[in-house]
Structures are given as structure tokens and as C-alpha cells.
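K.L.:
The structure is given below, and queries will be raised subsequently.
The values are calculated or read from the model by the stated rules, or taken from the named source; none is laboratory data. Predicted model only: the values in this text are computed from it and were never measured. Don't worry about glycine lacking a Cβ; one is built from the backbone with ideal geometry, like all the others, and counts go over all protein chains shown.
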Amino acid sequence: MVSKEGLGRFLVVVATTAIAIVAGVGLFVVYPDDVADLFGIGLALVVVLGGLKVAGNVAASAFPGYNVAEITVSGPITRDGRGGPLPSSPRATPADDVVEQIDRANEDDDVAALLLKLNTPGGEVVPSDDIRLAAQRFDGPTVAYATDTCASGGYWIASGCDELWAREGSIVGSIGVIGSRVNASELAEKVGLSYERFAAGEYKDAGTPLKELEDDEREYLQGLIDDYYETFVDRVSDGRDLDAEFVRDTEARIYLGDQAHEMGLVDELGTRREIEEALEERLETDDVVVEEFEPDRPLMARVGTSAQSVAYAFGAGLSGLADERGFRLRS
């Protein structure tokens, strides 16, 4: 038997799609005689597909039919998804998008629980912490689920959730921070380049690739890494209710899910279906329906993202501009 919500969604999709088809054919096939038919048909298809997307969103908003929001963190975690000076895969996770999705789910009266699917090797420190804070703000049960990899910044995020689930073969851990720089001073000397310093502040150019790193500069930069690491340990210790010394003793190792579970780094081992069954008990319901939340972007922004994917396929091998100082921090 079809539910009222299901019937409502179907009618909204049919009506909106019909409008999109009529508009697309009228605007790009029938009306402009001076536009090539093939081009017009292509534009019409774009309008129809856009109409389908809009119809689905409208139908989902009018007749939700879900009670759990699923939000995915996949790939390296960065602020904007670009990942740095070199061309990076569009699969990187823009932290601001994830935070927006979690906040939107938190404001949705139909969402009773949050499922945060993690498949990430980690990434930048502050963006990872922004996602963790958003998960902590969520008013309801929060479950982090490690699929293939939940390492470093991914585990940082998981520390903000009520539970962490994983598969037996999932890679979990890497509770540590790494900073890196390229030492190009010898290469610069070989090609006839020299570094001339104009800076105010003794450590303003610490880590610059074109000069050797002084001992005091190395100590200064290592101090930054150590401070970030202690913050990471504190986040994990507090969020996962683990002893801080135990966390340090992991020495940023990675573990398979079953070993991580034995150590207490993971709460439960299970499949996605088993997670839904556990949520049914927590929410005291017989039916958990999961809705995958996506970034709330305008149409032109989504088109731009698609264009970025195409551009990456052709241009991933081109080098980008170097960072101003060449020193990067990742968790």
C-alpha cells in the first residue's frame, strides 16, 4: 500500500517534471528558429534534468518520510575542497559544506538522529575540528560509521559523536599530526637562485623552502606540531572517554577495525544494516528511514562543481603555485 508521503512525492515529481519538459522544449527547441536543433535539444535535456532534481528536492521537503540524516565525509578534509597549491581531486571534502549539512539536519524537525559516514585519511586540523564541533552541536543521537578508512582527522571528527562503528577490516586511528616542508635550497643554488630576506619578526619566514632551516626555527615549528598533537589527544580523550596516556601510547598507529574495537578505539563492529537496527532501538521506532543530505548549493554552483571535475580530469598533472611558505599542517 502506498503511503500518503510516497503518493505526495510522486505527484510533486510528476507535476514539476512536466513543467520542466514543457519549458525546455518551448525555450530551446520550438521558439528559437536560429538555434541549431541539436544544441536546443541538449539545453532542453539540461532543463529537464534540472527539473527532475528540483522536483525531487521539493517533494522531499514537502513529504520527508525520513527520520535519520546521513552525511558523508569522504577523501581529504580541507576548508574548501581544493586541498592546497597542487590540483587536488574534487572528491576532497570541503569542511564548510559538511558543517552546513549537519546544521541543516539539526534544524530539520523530521531528523531525529545523525549518521556520519567517514571514509577519510584525515586532512587539515581546523576544518576537521569544525566538523567535530558541528556533530557535537547536533541535538540527538550521533553515530559515526567508518567504512574503509577513519584515520587522523577522520578520527578527530568521530570523537565528537556519541558512538563510532566500523567494519572488521576498516582502517582506524592515526591519532597524530604531521607538518611538512620542501627544502629546495640546494636545488635553488644549482640553478642559480638565492634567497634574500625581507621580513619583520624573527620567525616570519621560518620554513621557507629556499633556505636552510635553522635549529631554533625547527624547534619553533616542532612546537606548533606538538601543540596541535596535544589538542588532538585532548579531543579524543574527552570525546571518546579514553585515558590521555593510552591515546599517546598509540603513537599515531593505524589499526584494523577488530583490533581497534578490542582496544576501545571503536564502540561497535557492524554493517550499515546493523547500525540502522541499533538506531531503531535508540529512537524507539520500528522503521528507520535514512535520508542522505547533500550540500545546499545554488544551481550554478553545482554546475561549477561538475565543471571542476572535468577540468581536474584534464589538468591534474599540471603543477600549481607553491604555498607562500611551503609549510603545511595536517591531522
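K.L.:
In the list 230, 196, which residue meets the criterion of being part of a loop (DSSP other than H, G, I, E, B) and free of Cβ contacts under 8 Å to residues at least 12 places away in the same chain?
P.N.:
196
K.L.:
Sticking with this structure for a sec: Checking residue 248 against (1) at pLDDT below 95; (2) basic (Lys, Arg); (3) over 21 Å from the mean Cα position of the chain (by Cα), which test does it fail?
P.N.:
Every listed condition holds for residue 248 apart from (1).
K.L.:
Next question, about the same structure. Tell me which residues, restricted to segment 263-293, are within 17 Å of residue 105 (Cα to Cα) and either basic (Lys, Arg) or assigned to a helix (DSSP H, G or I) (or both).
P.N.:
Within segment 263-293, the first condition is being within 17 Å of residue 105 (Cα to Cα), and the residues that meet it are 279, 283, 288-293.
The answer is 279, 283.
K.L.:
Can you pull out the residues in segment 132-150 that are assigned to a strand (DSSP E or B) and of a type outside the set (A, V, I, L, M)? Outline the logic, then answer.
P.N.:
Here is the first cut: in segment 132-150, the residues assigned to a strand (DSSP E or B) are 142-150.
Of everything in segment 132-150, those that are assigned to a strand (DSSP E or B) and of a type outside the set (A, V, I, L, M) turn out to be 142, 145, 147, 148, 149, 150.
K.L.:
Sticking with this structure for a sec: Looking at segment 162-177, which of the residues that are in contact (Cβ under 8 Å) with a residue 60 or more places away in the chain and in a loop (DSSP other than H, G, I, E, B) is farthest from residue 259 (Cα to Cα)?
P.N.:
Only one residue tops the list, namely 177.
K.L.:
Let me ask another. Does residue 141 satisfy the criteria of being surrounded by fewer than 24 Cβ atoms within 10 Å (Cβ to Cβ) and under 20 Å from residue 260 (Cα atoms)?
P.N.:
no
K.L.:
If you don't mind, there's one more thing I want to ask. Report the residue count in segment 131-160 for those that are within 19 Å of residue 250 (Cα to Cα) and either in contact (Cβ under 8 Å) with a residue 60 or more places away in the chain or touching a Lys or Arg at 6+ places or on another chain (Cβ under 9 Å) (or both).
P.N.:
Counting residues in segment 131-160 that are within 19 Å of residue 250 (Cα to Cα) and either in contact (Cβ under 8 Å) with a residue 60 or more places away in the chain or touching a Lys or Arg at 6+ places or on another chain (Cβ under 9 Å) (or both) gives 10.
K.L.:
Pick from 167, 197: which is among the charged types (D, E, K, R) and not assigned by TED's automatic domain parsing to the domain that holds residue 133?
P.N.:
On the way: 167 fails: not assigned by TED's automatic domain parsing to the domain that holds residue 133.
Result: 197 is the single residue among 167, 197 that is among the charged types (D, E, K, R) and not assigned by TED's automatic domain parsing to the domain that holds residue 133.
K.L.:
What are the residue pairs meeting all of these: first residue in segment 265-284, first residue touching a residue at least 24 places away in the same chain (Cβ under 8 Å), second residue buried (at least 18 other Cβ atoms within 10 Å of the Cβ) and assigned to a helix (DSSP H, G or I), Cβ atoms under 7 Å, and 6 or more apart or on different chains?
P.N.:
266/257; 266/260; 269/257; 269/261
K.L.:
May I pose another question? Those residues that are among the aliphatic types (A, V, I, L, M) and more than 24 Å from the chain's Cα centre (by Cα), I need them from segment 254-276; list them, please.
P.N.:
The one that is among the aliphatic types (A, V, I, L, M) and more than 24 Å from the chain's Cα centre (by Cα): 263.
K.L.:
Could you check, for segment 209-230, whether at least one of its residues is more than 30 Å from residue 137 (Cβ to Cβ), at pLDDT 90 or above and in contact with a helix residue (DSSP H, G or I) (Cβ under 7 Å, 6 or more places away or on another chain)?
P.N.:
no
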